[in-house]
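Below is one structure, written out as structure tokens, with a few remarks after it.
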Amino acid sequence: FALEATETGLLDWNIAADHLVGTWHVPLGYDAGAVGNDVEQWVALMHPDDVAPAKAILLDHLRGSTAVCDTEYRFKVADGTFRWYHFRGRVFERDAAGRATRLTGLHTDIDERKQAELDLQKLSRAVEASSSIVIITDFDGSIEYVNPKFSEVTGYAKEEAIGRNPALLQSGETPAPVYAELWQTITSGGEWKGEFHNRKKNGGYYWCRASISAVKDAGGKTTHFVAIQEDV
């Protein structure tokens, strides 16, 4: 009953008889009578792209190559859509020849987390491919990330920039009050926009139009700053 009230389903597989029991169908929205009780039914509900990798992980575990069977896949739920699930289980019975005869485990709905991960991957790829310079610093101003465009324009490799302050780009031609205004604006949660005349690693100069703003955690506390610069 406790599992039925969550997004977690219990699976108990009698391998020799190919018989599934448990509450594995509950998180999918199916009644017990609407699904079969063998592994083929399990596979039939799995997204076609996930069948081969999931089977490979399962077979490795059945052979005893892994301590646990741990995998993620998409399942077709009762409304016809696919959702991401995480399965973790293990064989706990083997016959005299060492063949797996029984496996039990839990599968949990992780769709929201997985979608968030996929969205983050898309965002990461977009930032990496951006034609704008992107710099992310911690609250104290130490650089934690720069994208490839940063290196292309400034001449500094990512490894040379990480851990340093964006001041490494200062040419000395931007008045100090501009930086004071910038810092006051972003530490108070605002967005600063303006232009810099920066210096490259090779001593050359470039103008950039910048937008710098705070990144806040769930509690509203500023943890990082992100700067987007257009080489003008």
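The values are calculated or read from the model by the stated rules, or taken from the named source; none is laboratory data. Remember, predicted model here, so these are calculated numbers, not experimental data. Note that we place each Cβ from the backbone using ideal geometry, even for glycine, and neighbour counts take in every protein chain shown. Just so you know, the surface numbers come from the protein's heavy atoms only, side chains and all, with ligands and any DNA or RNA stripped out. Shrake-Rupley method; radii C 1.70, N 1.55, O 1.52, S 1.80 Å.
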Could you give the nm distance between label points at GLU181 and HIS47, where each point is 7 Å from its Cα heading toward the beta carbon? 4.9
Length-normalised contact order of the range 27-111 in % [C-alpha pairs under 8 Å, at least 6 apart]: 25
Using only alpha carbon pairs under 8 Å that are at least six residues apart, calculate the relative contact order of the range 178-232 and give it in whole percent. 29
Three-way shape label, the range 113-169, alpha-carbon gyration tensor, a/c 1.5: oblate
Once the in-chain neighbours fewer than 8 apart are removed, the aspartates and glutamates whose Cα is under 13 Å from LYS216 read ASP138, GLU191
Taking 70-77, 36-43 and ranking on average Cβ neighbours within 10 Å, highest first, one gets 70-77, 36-43
Any lysines with Cα under 18 Å of the LYS114 Cα? List them, leaving off those in the same chain fewer than 8 positions away. LYS76, LYS122
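Pop out the carbon and sulfur fraction of the accessible area of the range 1-154 as a percent, whole number, probe 1.4 Å.
54
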Before I look further, what does the chain give for accessible area per residue, probe 1.4 Å, in whole square angstrom? 56
In this structure, the FRET efficiency calculated for ARG63 and ILE110 from their beta-carbon separation, with R0 = 30 Å, to the nearest 0.05, is 0.70
Quick check: Cα centre of the range 16-93 to Cα centre of the range 132-150, how many Å? 42
How much length is gained if the chain between LEU120 and LYS221 is pulled fully straight, taking 0.36 nm per residue apart and subtracting their Cα-Cα distance, in nm to one decimal? 34.3 nm
On a 0 to 90° scale, report how tilted helix 176-187 is relative to the longest principal axis of the chain, with both axes built from alpha carbons and the result rounded to the nearest 10. 30
Once the piece of chain linking PHE92 and ILE162 is laid out straight, how much longer is it, given 0.36 nm per residue of separation minus the C-alpha distance between them? 20.4 nm
How high is the relative contact order of the chain, given as a whole-number percent (alpha carbon pairs under 8 Å, six or more residues apart)? 13
At what distance in nm do the modelled label points of ASP231 and ALA17 sit from each other, each positioned 7 Å from its Cα along Cα→Cβ? 6.9
